[in-house]
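Asker: Structure in structure tokens, see below.
The values are calculated or read from the model by the stated rules, or taken from the named source; none is laboratory data. Small disclaimer: the values here were computed from a predicted structure and weren't measured. Glycine also receives a Cβ, built like all others from the backbone with ideal geometry; neighbour counts cover every protein chain displayed. What goes into the accessible areas is simple: the full protein's heavy atoms, side chains included, and nothing from ligands, DNA or RNA. Shrake-Rupley method; radii C 1.70, N 1.55, O 1.52, S 1.80 Å.
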Amino acid sequence: GAANMKLLNFKASNLFSLGEVDLDLNKRGLLLVTGHSNDEGGANGSGKSSLSSKGIVWTLYGATAYGDKADSVINRFADENATCSGSIDVECSSGSVFRIIRSRRPNRLTVIDLASGADISCKLEKDTQSMVDKLLGRSRETFLQTDFFGQGKAANFLDLTPKAQTELLETILPFEELTRLADSAKAN
């Protein structure tokens, strides 16, 4: 199984549809996946997918479950010079705690060892990302498979109403991409 790690806290600023967010993930785990956004209404473009499959996955891996990356992650209502960022505190299986901070404007990936406060980032972002994958003990693909559909979540999934199941799946699986692929396959 994947190495044990705990997501402790998620902060975001001008990320997707999110303004300022500060979430304690330690107590809730990834239950927020099924959350509902009252301010944006509806299943599409709502806060729940922004928080879960988008914000958290982008902060950890630089691309969402849907493949959003680069400037597409910036909140379109934010001031054009505002920094867009996500920050997650992660406790690794070793017990060490790290803060992973990813931002656009400026484009940066930083890893801080919270015990010493030292910036342990590499010079190149791809090398820092390799380090993040090692610290987390999983790649983006593995994270999406094991942490969204891992430990006991399948049982909870079966308890949901069909509508809630669909909403949950929409936040996890790249439906838009699958639909696009199906359409282009029909066209050929």
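Asker: Which FRET efficiency value, to the nearest 0.05, do you get for C92 and D22 by plugging their Cβ-Cβ distance into 1/(1 + (r/R0)^6) with R0 = 30 Å?
Answerer: 0.85
Asker: Arrange the residues V21, V90 by how much accessible surface each exposes, largest first, with a 1.4 angstrom probe. Don't jump to the answer; show the numbers that get you there.
Answerer: Numbers: V21 30, V90 0 Å².
Putting V21, V90 in descending order of accessible area: V21, V90.
Asker: Counting other C-beta atoms within 10 Å, and keeping those with at most 15, which DSSP coil GluC sites (Glu not before Pro) do you find in region 74-132?
Answerer: E80
Asker: Hey, which of these cross-link pairs are over 26 Å Cα-Cα: K134/K163; K6/K69; K11/K123; K11/K69?
Answerer: From K134/K163; K6/K69; K11/K123; K11/K69, over 26 Å: K134/K163.
Asker: Mind running the shape call on region 83-148? Use the C-alpha gyration tensor, a ≥ b ≥ c as the square roots of the eigenvalues: rounded below 1.5 for a/c, prolate if a/b tops b/c, oblate otherwise.
Answerer: Oblate, because a/c is 1.5 or more while a/b does not exceed b/c.
Asker: Still on this structure, please answer the following. Tell me the label-point distance for the pair K163, D71, using the 7 Å Cα-to-Cβ offset, in nm and rounded to one decimal.
Answerer: The two pseudo-label positions are separated by 3.9 nm.
Asker: Here's another thing I want to ask about it. What is the extension gain from E125 to N9, computed as 0.36 nm multiplied by their sequence separation minus the C-alpha to C-alpha distance, in nm to one decimal?
Answerer: Full extension of this stretch gives 39.5 nm more.
Asker: Starting from the Cα gyration tensor of region 54-108, take the square roots of the eigenvalues, sort them a ≥ b ≥ c, and report rounded, prolate or oblate (rounded when a/c is under 1.5, otherwise prolate if a/b is larger than b/c, else oblate).
Answerer: Prolate.
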